[in-house]
Every structure is written in C-alpha cells, then in structure tokens.
Amino acid sequence: MYNDVIHGKHGTVHNWNVVALSGEFLRHQDGFTDMTFVENYLQAQLPNFTATGQYRDPNVPMAYDHFPRHFLAAILERGYQGEHAQVLSELLDRAAWTSLLIQSPCGELPTAGRSAQHQWNEAEQCVTYEIWANRKQREGDNVAAHAFKRAAHLSLQSIKRWVRPSGELWIVKNRFDPAVRHGFQSYSSHSQYNLLAASMMATAWNFADDSIVEGACPADVGGFAIELPEFHKVFANAGGTYLEIVPRPIPNTTAPV
C-alpha cells in the first residue's frame, strides 16, 4: 500500500491509516523519519472528506467521522506545516463547526453505524473542541473559543454519567454487566475501550487551556436544523430538545476497515 501511494496508485485507505500517519508525524518531530509517509497518505486521504470537512469511512458511521479528525487536529496543533496544511486546516475548521451543530444538548456525539454509543465517541469530541478553543483564542475570536470550550465540557459531562462504582467506565451507554456485552460491537472489550477513552481524555487535557472560559455553544442554544446528505442525517435542536433523523437508508457499501 505504501509503495502504491508513493507511485501515485492510491489504494483504499480509511480511518486507521490516519492513526498511522499521525504517529509518523510525531516520529518525524523526534527525528526518526522523514515526511514521505505523512504527505503521501494525507494526499490519499483527502477524497474521503466532504465539503463540510467530515470524514467518510465505509458506510459513513458517525463515530468514524470524528475519529480520524481528532488525530489530524492534534497534528495541526503539534505544528504540522506540510504541503497539505492549508487544505487540512480549512477542512477541519469546517468540520469542527459542523460538529458543534450536531452535538446533543447532553454533550453526545450523534449515534449511527459501528462503534455508536461508546464512551470514546464523546472523548474524541473533547480533543477536537479543546484544540479548536485554543485555535479560536489565538485568532482573537473569543466567542468561538468559549463555545468550543463549552462543547468540550459538555462532552466530558456526558462521559461522567457513565462512571462505574469501581472507577472505570461502562464502555457503552447502558448499565448491563460488561460480561454480558450488551450493545457491544464484536471488537468491543471493557479493557481496550476504557483505555481508548482514557487516552483521548488525556490528550484533551494536554491541549486544554484553562484560561479559556465557557460560553454558549449551539447545543445549548438550539433553534436550528442541519442536514448532512452524505451521512443520510438531519439534526434539529430547539430549547434542549434534540432530534436525529435518518430520512433514507444508508447503503451498505464497503466492509469496515
């Protein structure tokens, strides 16, 4: 696959490739490699983004729209300034605002598709929102910075509702014994998805600037509706009431990667 990308014959790449290229960027910063892998795979990934900056993984699951974006937001915040920096920054900015509009008043990431209703869905929001609070503060847009900070805190509040008496999380949004695996995916385990959520929240903490205060965010205010045709979704928010509508079925295209 790597050679295919280098020679211009892009194979199919999805969310986990973004994890790899983000790790390679950090290895580059520490002097272990060059930027060839990062730049070539970013080029291969760009067709997976919509005009609103969202990421289309196979069958457009909502969790895996945000999953690759929070890694890419992190490498931008860590100083990526390569050949794709401008377009990546624009796409992720559009997507960050889109995510604000589809966040529930309880701080939840929308449900649909694989890995839905897992606590790491909200944890990845914490990362993006903390990073974008910083970016908007640096740009001098305090209203936006405060809105993103509020969205990050809403996401964290959502997670806190699902802390088990033993201190870790119910990894999905129910309180069945984890041994029953009710609502789990075939790949969901109590251990690794507690660790994933914890690592995401640790990443958010590392980026968080506590001097940025909360303001109102769209999830609080409501009074709008938004359609995401590529994801077959309509969202409406009014006065604390929130609807997620699927107006037509999602085609089954490619097996998950």
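Among ILE226, ILE212, sorting on how many other beta-carbon atoms sit within 10 Å of each Cβ, with the fewest leading, yields ILE226, ILE212. Based on DSSP H segments of at least four residues, each scored -39500 (n - 2.57), the chain has a per-residue ellipticity at 222 nm of -15500 deg cm²/dmol. Placing +1 on the Cβ of every Lys and Arg and -1 on the Cβ of every Asp and Glu, with nothing else charged, gives the chain a dipole about its Cα centre of roughly 680 debye. Toward the positive end of the charge dipole of the chain, with +1 on the Cβ of Lys and Arg and -1 on the Cβ of Asp and Glu, the farthest Cα among HIS70, GLY31, ALA85 is that of HIS70. Ranked by the mean number of other Cβ atoms within 10 Å of their residues, highest first, the peptides 43-52, 118-127 come out as 118-127, 43-52. The order of SER22, SER188, SER199, SER155, going from fewest to most other C-beta atoms within 10 Å of their C-beta, is SER199, SER188, SER22, SER155.
Free of any trypsin sites (Lys or Arg not before Pro) that DSSP assigns to a loop and that have at most 15 other C-beta atoms within 10 Å, the longest stretch within the chain is 79-160.
Values quoted throughout were computed directly from the atomic coordinates according to the rules given, and no laboratory measurement underlies them. Note that the structure is predicted; figures quoted are calculated from it, not measured. Neighbour counts run over all protein chains shown; Cβ positions are idealised from the backbone, glycine included.
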